[in-house]
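The values are calculated or read from the model by the stated rules, or taken from the named source; none is laboratory data. Just so we're clear, the structure is a prediction, and the values are computed from it rather than from any experiment. Every residue, glycine among them, receives a Cβ derived from its backbone with ideal geometry; neighbour counts consider all protein chains shown. Just the protein is used for accessible areas: all its heavy atoms, side chains included, with ligands, DNA and RNA removed. Shrake-Rupley method; radii C 1.70, N 1.55, O 1.52, S 1.80 Å.
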Amino acid sequence: MSRLTLIVAASAVFAGCASNVPLDNKAAPVESRTPGATGANNGSSSASGTNSGRVASVDLTKNAPPVAEVGRVVYFDYDSFVIKDEFRPVIEGQAKMLTANKSKKLTIEGHTDERGGSEYNLALGQKRAESVAKSLKLLGVTDAQIEAVSFGKERPADQGHDEAAWAKNRRAELSSR
């Protein structure tokens, strides 16, 4: 009885593996279409509903803001190199200018306040500059267009020794080369 059950089960397994798909050597049919051909449903259309077969040119310099309108300083919180949302327009504006003119170059200078050691502040300033550089690269700016440097606490924007002065000194300055 168990031998008969085993034979029936094996037959069921082999029958389940069978396929109805013919395995002959005929190639799959390929549909050919000509570019720019108009038809009721050729699979592509432009926004206006017609298919002209051409690509529209885009002038990237047309919408680039003038240099004077784009900010040049990104401020940071204490001991941080995270770019705050309020400075995203500065970075986006600079990125737009740089992507519109690939020959333009930018130096990003990272600065810190006077608190902390010189080596620590040089490293923090470099992280701030590189944070801005990374954001610019994400927006299409090339490596060749930007340079990130750090001055640490050596070039303060404000000589004061209070929180207001320190806040002005925790920055990354963007200057054209």
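Summary of values
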| read-out | value |
| --- | --- |
| Those residues of segment 110-124 which are closer than 19 Å to Val73 by Cβ, out of contact with any Phe, Trp or Tyr (no Cβ under 6 Å at 6 or more places or on another chain) and open to solvent by less than 50 Å² (accessible area, probe 1.4 Å), in sequence order | Gly110, Thr112, Asn121, Leu124 |
| Subset tally (residues that are touching a residue at least 12 places away in the same chain (Cβ under 8 Å), open to solvent by less than 60 Å² (accessible area, probe 1.4 Å), under 23 Å from Tyr78 (Cα atoms) and of a type in the set (Gly, Ala, Ser)) for segment 129-165 | 8 |
| Pair list, Cβ under 9 Å, 6 or more apart: segment 80-100 residue open to solvent by 20 Å² or more (accessible area, probe 1.4 Å), other residue aromatic (Phe, Trp, Tyr) | Val82/Phe76; Lys84/Tyr75; Lys84/Phe76; Glu86/Tyr75; Phe87/Tyr75; Phe87/Phe76 |
